[in-house]
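The values are calculated or read from the model by the stated rules, or taken from the named source; none is laboratory data. Bear in mind that the values here come from a model prediction, so they are computed numbers and not experimental data. Cβ coordinates were reconstructed from backbone atoms using ideal geometry, including for glycine residues, and neighbour counts include every protein chain displayed. Note: accessible area is taken over every heavy atom of the protein model, side chains too, but ligands, DNA and RNA are not part of it. Shrake-Rupley method; radii C 1.70, N 1.55, O 1.52, S 1.80 Å.
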Amino acid sequence: SQQGEEDPQALSIQEGENATMNCSYKTSINNLQWYRQNSGRGLVHLILIRSNEREKHSGRLRVTLDTSKKSSSLLITASRAADTASYFCATDPNTGNQFYFGTGTSLTVIP
Amino acid sequence: DTGVSQDPRHKITKRGQNVTFRCDPISEHNRLYWYRQTLGQGPEFLTYFQNEAQLEKSRLLSDRFSAERPKGSFSTLEIQRTEQGDSAMYLCASSSTTGDTEAFFGQGTRLTVV
């Protein structure tokens with residue numbers, strides 16, 4: 001499978017804490033994207049990191065990419081209750097232009 | 001243009017009926033993707049287009065599924081002879097081929113086959 005796999009499957013933290021979720025993938029990629037999905041809704045694009053980048057920031061989000069380990073991490077700092085959602089990584093393998101999702105991390109931020 | 005638009009948002013159909021969903025991508029995007037998502041799972045890639053060309057369709061779930069993008073703008077996904085197992089959220093996304101290639105998703109069409 002060319003899907004990414006997120007870890008952990010579920011994460012529960014207190015508001016204000018940081019949340020870290022990881023993504024591992026199997027093939028060489030052009031880029032990796034992180035998405036958020038609230039229950040029953042569409043996916044919201046968070047951040048894209050290219051294969052030649054190692055770290056990227058956007059607001060409270062920090063993404064790292066280690067192509068040698070075929071892994072990425074998403075850090076959400078100072079979490080808020082509104083961050084409660086499922087988070088997915090999507091990999092764009094350099095064998096084509098489609099991209100594939102993992103099964104996601106379900107994040108619960110407790111107020 | 002406010003983003004990717006999908007229609008309808010919800011569809012309930014009887015088993016054996018045909019259904020068609022529509023996706024209008026972001027206007028300047030030339031790539032369009034279809035995904036299916038079942039409860040508790042990540043989106044599953046079905047097919048994608050670059051302009052009007054369908055460049056990958058081997059992941060369509062069966063020959064009951066087909067997609068078109070006749071003029072390189074909106075796309076339709078049709079499921080013939082629906083089965084209860086087709087019940088899922090069907091998601092459409094679009095992206096550009098230049099610059100940042102992030103894919104943006106619509107709100108999806110939730111299909112329920114009864």
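Which one of these does A:S79 not meet: (1) surrounded by 18 or more Cβ atoms within 10 Å (Cβ to Cβ); (2) closer than 20 Å to B:P43 by Cβ; (3) not acidic (D, E)?
Only one criterion is unmet by A:S79, namely (2).
Taking the range A:80-111 as the region of interest, how many residues are within 19 Å of A:R41 (Cβ to Cβ) and either away from chain B (no Cβ under 12 Å) or in contact with a helix residue (DSSP H, G or I) (Cβ under 6 Å, 6 or more places away or on another chain) (or both)?
Of the residues in that region, 9 qualify.
Counting only residues that are basic (K, R) and open to solvent by 70 Å² or more (accessible area, probe 1.4 Å), which one in the range B:19-58 is nearest to the other protein chains (Cβ to nearest Cβ)?
Top of the filtered list is B:K57.
May I ask you to say which residue of A:S73, A:S58 is open to solvent by less than 50 Å² (accessible area, probe 1.4 Å) and over 25 Å from B:M89 (Cα atoms)?
Step by step, each of A:S73, A:S58 is checked, and only A:S73 is open to solvent by less than 50 Å² (accessible area, probe 1.4 Å) and over 25 Å from B:M89 (Cα atoms).
State all residues of the range A:1-15 that are farther than 26 Å from A:Q98 by Cα and open to solvent by 50 Å² or more (accessible area, probe 1.4 Å); if no residue qualifies, say none.
Within the range A:1-15, A:A10, A:S12, A:Q14, A:E15 qualify.
Identify the single condition in (1) assigned to a loop (DSSP other than H, G, I, E, B); (2) in contact with a Gly (Cβ under 8 Å, 6 or more places away or on another chain) that B:S73 does not satisfy, given that it satisfies every other one.
(2)
Give me the residue from the range A:25-46 that is in contact with a Lys or Arg (Cβ under 6 Å, 6 or more places away or on another chain) and either away from every other protein chain (no Cβ under 12 Å) or modelled with pLDDT of 90 or more (or both) and, out of that set, surrounded by the most Cβ atoms within 10 Å (Cβ to Cβ).
A:Y25
Quick check on my filter: what residues within the range B:66-111 are β-branched (V, I, T) and either within 13 Å of chain A (Cβ to nearest Cβ) or surrounded by 20 or more Cβ atoms within 10 Å (Cβ to Cβ) (or both)?
The answer is B:I79, B:T82, B:T97, B:T98, B:T101, B:T109.
Select from the range A:1-44 the residues that are among the small types (G, A, S) and more than 15 Å from A:D66 (Cα to Cα) and list them in ascending order.
A:S1, A:A10, A:S12, A:G16, A:A19, A:S39, A:G40, A:G42
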